[in-house]
Structure formats: structure tokens, C-alpha cells
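Participant: The structure under discussion is supplied below as C-alpha cells; questions concerning it will follow.
Rule-based calculations on the coordinates, nothing more; no lab input. Predicted model, so just to flag it, every value in this text is computed and none were measured. Cβ placement follows ideal geometry from the backbone for every residue including glycine, while neighbour counts extend to all protein chains displayed.
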Amino acid sequence: MGAITGTKVYAGEFSGETRILHLTATCAATSDTITLTAANHAGVTEITGIVGAVITGGADTLFTSLQVSFSGLVITVVSLGAAGTAATDFTGTTIAVTVLIKTTA
């Protein structure tokens, strides 16, 4: 498992403490993690849900789909190939993940 960087692209507000956070990242392994921090990710204190995740670059038969989950402030990205097995090629593989978060602000 590798740690990758989730770069904040957009953070928008709903009423109350809930915000939407859109991240981009480059995959580096079959199972990667993105750890959110308040300082780098719009003041996040809690992830409340995954809105969606898509492959934005590098899709081919060796990298065809994603599974995204979270625990605490850590997002886990599992990359899969065409047969549903672990992805084996990460050349140019980029993703976008959108999450609902809570903040202190």
C-alpha cells in the first residue's frame, strides 16, 4: 500500500458544517491511501461519505476501475484491471475523488 497525495481542487459549502471536497491524485500502487488534513483540505475534521471516484487518465486493460472507501480521514483507493484483478500498470494513472466532509469552520 502506498500513500499518495490528494490535491484539493474544489471545496464548496452546504448549509451547516457539511462541505463537498473534490480531490485529484496520481495512483502509484494497487492499493493507495490519501490522508486528509485540515490544513491542506479545507479544514476537514470528518469524512461523511464518498460522492464518487473516476479515472481521469491512464485507463487501459491493466487499469480499468477503482474501489474507494474511507476510515477516519484516510481514503483507500484500490485499482483494478480488466478481469477484476489487481491493476499492474500505473503509467499516467490519475483519478478524481469527491467526498462529503465536515469542518470546524
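Participant: Sort out which residues of the range 78-103 are of a type in the set (A, V, I, L, M, F, W, C) and surrounded by 15 or more Cβ atoms within 10 Å (Cβ to Cβ), and write them in order of number. Can you show your working first?
Facilitator: Going residue by residue through the range 78-103, those that are of a type in the set (A, V, I, L, M, F, W, C) are 78, 80, 82-83, 86-87, 90, 95-97, 99-101.
Across the range 78-103, the qualifying residues are VAL78, LEU80, ALA87, PHE90, ILE95, ALA96, VAL97, VAL99, LEU100, ILE101.
Participant: For the range 18-105, list the strands (runs of 3 or more DSSP E) that sit wholly inside it and hold at least 2 residues that are among the β-branched types (Val, Ile, Thr), out of contact with any Lys or Arg (no Cβ under 9 Å at 6 or more places or on another chain) and under 15 Å from GLY6 (Cα atoms); which are they? Full working, then the answer.
Facilitator: Values: elements: 18-26, 31-35, 44-57, 65-71, 74-80, 94-103.
Once the strands (runs of 3 or more DSSP E) in the range 18-105 are filtered for at least 2 residues that are among the β-branched types (Val, Ile, Thr), out of contact with any Lys or Arg (no Cβ under 9 Å at 6 or more places or on another chain) and under 15 Å from GLY6 (Cα atoms), what remains is 18-26, 31-35, 44-57, 74-80, 94-103.
Participant: Considering each residue of the range 60-77, count those that are hydrophobic (A, V, I, L, M, F, W, C) and either exposed (fewer than 13 other Cβ atoms within 10 Å of the Cβ) or over 21 Å from VAL9 (Cα atoms) (or both), and give that number.
Facilitator: Initially, the range 60-77 is screened for residues hydrophobic (A, V, I, L, M, F, W, C), giving 62-63, 66, 68, 70, 73-75, 77.
Filter once more, keeping what is either exposed (fewer than 13 other Cβ atoms within 10 Å of the Cβ) or over 21 Å from VAL9 (Cα atoms) (or both): 62-63.
Matching residues across the range 60-77 total 2.
Participant: I need a count of the residues in the range 81-105 that are more than 19 Å from THR24 (Cβ to Cβ) and touching a residue at least 24 places away in the same chain (Cβ under 8 Å). Let's see the steps before the verdict.
Facilitator: Residues of the range 81-105 more than 19 Å from THR24 (Cβ to Cβ): 81-86, 88-89, 102-105.
Remaining after also requiring touching a residue at least 24 places away in the same chain (Cβ under 8 Å): 86, 88-89, 102-105.
Here the count works out to 7.
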